[in-house]
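The values are calculated or read from the model by the stated rules, or taken from the named source; none is laboratory data. All of these numbers come straight from a predicted model, not from anything done at the bench. Here the Cβ positions follow ideal geometry from the backbone for every residue, glycine too, while neighbour counts run over all protein chains shown.
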Amino acid sequence: MKRPVIEIKDLKTYFFVEEGVVKAVDGVSFEIAEGETLGIVGESGCGKSVTSISIMRLVPNPPGKIVGGQILFKGEDLLMKSEADMRKIRGNEISMIFQEPMTSLNPVYTIGDQIAESVMLHQNLTKREAFSRAVEMLDKVGIPASEKRVHEYPHQLSGGMRQRVMIAMALSCNPKMLVADEPTTALDVTIQAQILELMKQLRDEFNTAIMLITHDLGVIAEVADRVAVMYAGKIVEYTDVMTLFQKPGHPYTIGLLKSIPKLTGNHKRLEPIQGVVPSPLNLPQGCKFNNRCPYAREKCFEKEPELVEVEKGHSVRCWFHDQLQ
Amino acid sequence: MVQKSKSNVIWKRLKKNKMAMVGLTITIGLLLIAIFAPAIVPYDPYTVDLSQSMRAPGQEGHLLGTDQLGRDQFSRLLYGARISLQVGIITQSISMVIGIFMGALAGYYGGKVDEFISYLINVFFAFPSLLFAIAIMATLGPGLNNIFIALGAVSWPGLARIVRGQVLQLKEQEYIEAIRALGGNDFKIIVKHILPNCMAPIIVTATLGVAGAILSEAGLSFLGLGAQPPMPSWGLMLSMGRTYVTTKTWLTIYPGLAIMITILGLNLLGDGLRDALDPRMKQ
Amino acid sequence: MKKLLEVKDLKKYFPIKGGLFGRQIGAVKAVDGISFDVREGETLGLVGESGCGKSTTGRLILRLIDPTSGSVKFGGKDILALDKNQMRKMRKDMQIIFQDPYASLNPRMTVGSIITEALEIHNLLKNKNDKETRVHQLLEQVGLTGAHARRYPHEFSGGQRQRIGIARVLAVDPKIIIADEPVSALDVSIQAQVINLLQDLQQDLGLTFLFIAHDLSVVKHISNRVAVMYLGNIVEMAEKNELYNNPRHPYTQALLSAIPIADPTVKRERIILQGDVPSPINPPSGCRFHTRCPYARDICKKEEPVVKTIGEDHIVACHLV
């Protein structure tokens, strides 16, 4: 097995708001190896985005605070680093791309300037070298006429092109790890297909570890190697992508898979998960999913299950995982 | 329920802002004075007693002295609060009616209507509004009632511009489109759905506008175009005291202070309200 | 089946003004001559990527935006000829559900008054008690409870708000509902709840839907027939299984192959389209898709393809079919 680039151990990020404490991320552990893509799925409010900003150490404080755990990057705990050290890591060794490519680019600078700046920030290059690096990166992400495009402003590019620029910028310093938070959600299907293809290519070329956050199980099936399913701040299932879709072990995963309309096959009535995601300020006792779970029994309301390895490389947080289906 | 909790939040934010609380205290104090002036004044503000003329503050029970006609200045200042507040509230009401109407019309219908109203607003902005008011006063003749008309007529464009901007933004909201899709008519949409959602900037502008109107009234009265003697308008009192500005300083200092404190209070309150109602407007 | 809605050669050009005197210097051809029918009791899906004009089409049909030209007939009546008052009455029969459940409810009104307002606009019930009973009944119909009437929109989740929006629409007892991306702002598990609700309501109340969405799986699930739009045109329209199993237009083919399928065992030949959707301001000449089409020939750049019928209920606009 390849060595992990990053290991998250029991990460806890809480938000201290007027009404109480929101345990946005509550004891999350996972690892990502070189050249591997870990998908993190979950619905809004499950803590997947907070996990990513915790890794970048960008949790807004106040009200947020990382209250526990370790983030081991190349063997060193990022949570022990000073802000100055973090600045050297961000954008250089760990990069991030966001959902909205429009707001993440500065409208008053050309895209070449912006890529070159992020290169010069971390690497000892002259302005000219950095600029030619920018052109090279634009080529890599498939932007045609890159030498001309490098002088254009963000508003002159389409959404798909902007996301390519963001990826070019993120990869310009050859990061060990890329955090992609819903990178294709704002894009059209045909453009999404282009970007996903590009991410796969780049992962193979640069051997980057990718953490891909999405709510779209289709995207997961397409690009992820392993998957962590999150619900109410915790990982409820953690396994490789084949197992997840073929032998899902947690009732929430099973529910998600049943509730999406299939493009192929016959059209039975959808089977939605009943109810709504509980308020993060008022989570149920015991298993956090018990109020929506069709299999819930008495024990689920009394005590919260641990994430246990049910077979090699497949962990599930459910008391009755062996009795489902 | 939400209304209550929302106003609770606003009140909490306002309470945190010390300057705003100072402003609020001054404004409430002013209101109480205006309402209860007849009950609390030590002397009748209109009674002329030449034997008491030009008493310095503190003399013979006149806390802030008397003017050339022997009227008690303290009592006159308290009564002056009534005039100032009247002017502020009435002119702002007029200006709000015109401003909201014009702004809503321009913002909601757009096109030619908008072009015309925006043009009108720009014309008003191109001239100093006090000059405009003076011109109107010169035509209508002096007097407090004409002050209401003149100041109301010149102070609406600022509000209209703000309302127009708000309406432009709000009418694109889906819940407005939803009502249109349901078949709701324009009047109802504007009154019931759009205006209540742009109350915050209207309240702020109106509060600041009251201050502006009070200041303008003082100015006009000082020039002799506003309130007429023997009304205890602060501006008029300043004007009367001007002759004695080097010798009987209390005749100008105290009316001046009254105006200053009032304006300061209202502006502090207005600024505080703006921050409390919409934290984003602060930037 | 009876045609409930007939759209013919509908166009909407949004003028672009510029220059010193605000002259018209161009136009966004958002919808450029589309024709289709919606039959009573069916669901017609309208799919396409952002900027293809699908949402504009929905609003044109309801005259929330006034069309540049074309005709829209509802139950045989030309609604573009109606005056403002007649149109307001017409709106009782034609309703719309919006995409964003957070933006489509007035935050200052209770759920009860939001729904009551719909009743009052069309003077449906006079008596206060009747109105209240009806509001409760509507809330229950969409899976909420009467007690929710006293609450405000911000107290509800996205899915619940969408239900409230649906209850408001049902209040006026419409015949056709235009659903504009009704589930795309919702979480996956909630999407399914709302889709099921819409299907139940269609069955119980005999509703007709025009279902506008970008998600092809959702559209396939809910529709009887599907129309595919690209840059203001309908490029292909057919019964859903026919369209998904036998897509004939290169754009439909690419679109279908681009959807990520939630099954890692499925391995497909992907058609990855090159480039981006061109701007609708100066759409390409001839066939609008020719700039991205892997099969484009000379004729595609010159002539606009005519709409061909290639099977029962299957039409396509492509030179190469």
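For this structure, a couple of remarks:
- Residue match in segment C:66-85 (condition: within 14 Å of chain B (Cβ to nearest Cβ), more than 29 Å from C:Asp37 (Cα to Cα) and assigned to a helix (DSSP H, G or I)): no
- Counting only residues that are within 12 Å of chain A (Cβ to nearest Cβ) and surrounded by 19 or more Cβ atoms within 10 Å (Cβ to Cβ), segment C:277-292 holds 3 of them.
- Candidates in segment C:136-151 are the residues that are touching a residue at least 24 places away in the same chain (Cβ under 8 Å) and farther than 19 Å from C:Leu186 by Cα; of these, the one that is surrounded by the most Cβ atoms within 10 Å (Cβ to Cβ) is C:Leu138.
- Every test in (1) surrounded by fewer than 18 Cβ atoms within 10 Å (Cβ to Cβ); (2) assigned to a loop (DSSP other than H, G, I, E, B); (3) not charged (D, E, K, R) is passed by A:Leu187 save one, and that test is (1).
- On the stretch given as segment A:185-210, residues that are within 14 Å of chain C (Cβ to nearest Cβ) and out of contact with any Pro (no Cβ under 9 Å at 6 or more places or on another chain) total 9.
- Residue-level check: of (1) away from chain A (no Cβ under 14 Å); (2) touching a residue at least 40 places away in the same chain (Cβ under 8 Å); (3) on the phi < 0 side of the Ramachandran plot; (4) surrounded by 14 or more Cβ atoms within 10 Å (Cβ to Cβ), C:Met229 misses just (1).
- Output for segment B:89-117, where each listed residue is of a type in the set (Gly, Ala, Ser) and over 16 Å from B:Asp186 (Cβ atoms): B:Ser93, B:Ser95, B:Gly99
- Hits in segment B:178-196 (condition: of a type in the set (A, V, I, L, M, F, W, C), crowded, with 16+ Cβ neighbours inside 10 Å and more than 27 Å from the chain's Cα centre (by Cα)): B:Ala178, B:Ile179, B:Ala181, B:Leu182, B:Ile189
For every residue, the table says whether it meets (1) hydrophobic (A, V, I, L, M, F, W, C); (2) within 20 Å of A:Ala24 (Cβ to Cβ); (3) in the same structural domain as A:Gly218 (by TED's automatic domain parsing).
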position: A:Leu244; (1), (2), (3): yes, no, yes
position: A:Gly249; (1), (2), (3): no, no, yes
position: A:Tyr252; (1), (2), (3): no, yes, yes
position: A:Ile260; (1), (2), (3): yes, no, yes
position: A:Thr264; (1), (2), (3): no, no, yes
position: A:Leu270; (1), (2), (3): yes, no, yes
position: A:Leu307; (1), (2), (3): yes, yes, yes
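- Test: residue in segment C:105-123 that is touching a residue at least 12 places away in the same chain (Cβ under 8 Å), more than 8 Å from chain B (Cβ to nearest Cβ) and surrounded by fewer than 18 Cβ atoms within 10 Å (Cβ to Cβ): no
One line per residue, one yes/no per condition, for (1) of a type in the set (A, V, I, L, M); (2) farther than 17 Å from A:Leu171 by Cβ; (3) at pLDDT below 85; (4) assigned by TED's automatic domain parsing to the domain that holds A:Thr185:
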residue	(1), (2), (3), (4)
A:Cys46	no, yes, no, yes
A:Leu58	yes, yes, no, yes
A:Gln70	no, yes, no, yes
A:Glu83	no, yes, no, yes
A:Val108	yes, yes, no, no
A:Ser118	no, no, yes, no
A:Leu121	yes, no, yes, no
A:Ala130	yes, no, no, no
A:Arg133	no, no, no, no
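- Any strands (runs of 3 or more DSSP E) falling wholly within segment A:214-316 and containing at least 1 residues that are within 12 Å of chain C (Cβ to nearest Cβ): A:226-231, A:234-240
- Residue satisfying condition, being under 30 Å from B:Leu223 (Cα atoms) and not in a helix (DSSP H, G or I), within set B:Pro142, B:Pro157: B:Pro142
- Residue satisfying all of: in segment C:128-186; touching a His at 6+ places or on another chain (Cβ under 7 Å) and away from chain B (no Cβ under 14 Å); farthest from C:Asp100 (Cα to Cα) among these: C:Gly146
- Note on segment A:156-181: residues that are within 23 Å of A:Val108 (Cα to Cα) and touching a helix residue (DSSP H, G or I) at 6+ places or on another chain (Cβ under 9 Å) total 17.
- In segment C:21-65, the residues that are within 14 Å of chain A (Cβ to nearest Cβ) and assigned to a loop (DSSP other than H, G, I, E, B): C:Gly48, C:Glu49, C:Ser50, C:Gly51, C:Cys52, C:Gly53
- From the list C:Leu124, C:Leu138, the lone residue that is part of a helix (DSSP H, G or I) and not aromatic (Phe, Trp, Tyr) is C:Leu138.
- Taken over segment B:192-226, the criterion of being among the β-branched types (Val, Ile, Thr) and closer than 24 Å to C:Asp66 by Cα is satisfied by B:Ile194 alone.
- Long-range neighbours under 9 Å by Cβ, at least six apart or interchain, first residue touching a residue at least 40 places away in the same chain (Cβ under 8 Å) and farther than 18 Å from B:Arg180 by Cα within segment C:67-86, second hydrophobic (A, V, I, L, M, F, W, C) and surrounded by fewer than 15 Cβ atoms within 10 Å (Cβ to Cβ): C:Ser71/C:Ala81
- Residue in segment C:30-37 that is crowded, with 16+ Cβ neighbours inside 10 Å, at pLDDT 90 or above, more than 18 Å from C:Phe209 (Cβ to Cβ) and of a type in the set (Asp, Glu) present: yes
- Count of segment B:48-78 residues which are under 31 Å from the mean Cα position of the chain (by Cα) and not basic (Lys, Arg): 17
Per-residue answers, yes or no, for (1) surrounded by 21 or more Cβ atoms within 10 Å (Cβ to Cβ); (2) of a type outside the set (Gly, Ala, Ser):
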position	(1), (2)
B:Leu31	no, yes
B:Ala34	no, no
B:Ser51	no, no
B:Ala56	no, no
B:Gln59	no, yes
B:His62	yes, yes
B:Gly70	no, no
B:Gln73	yes, yes
B:Arg76	yes, yes
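- Flag for C:Val306 being more than 30 Å from A:Leu244 (Cβ to Cβ) and within 11 Å of chain A (Cβ to nearest Cβ): no
- Answer residue from segment A:159-177, given it is touching a residue at least 24 places away in the same chain (Cβ under 8 Å) and within 14 Å of another protein chain (Cβ to nearest Cβ) and is surrounded by the most Cβ atoms within 10 Å (Cβ to Cβ) among those: A:Gln163
- Failed criterion for B:Gln92 (all others in (1) in a helix (DSSP H, G or I); (2) farther than 23 Å from B:Ala133 by Cβ hold): (2)
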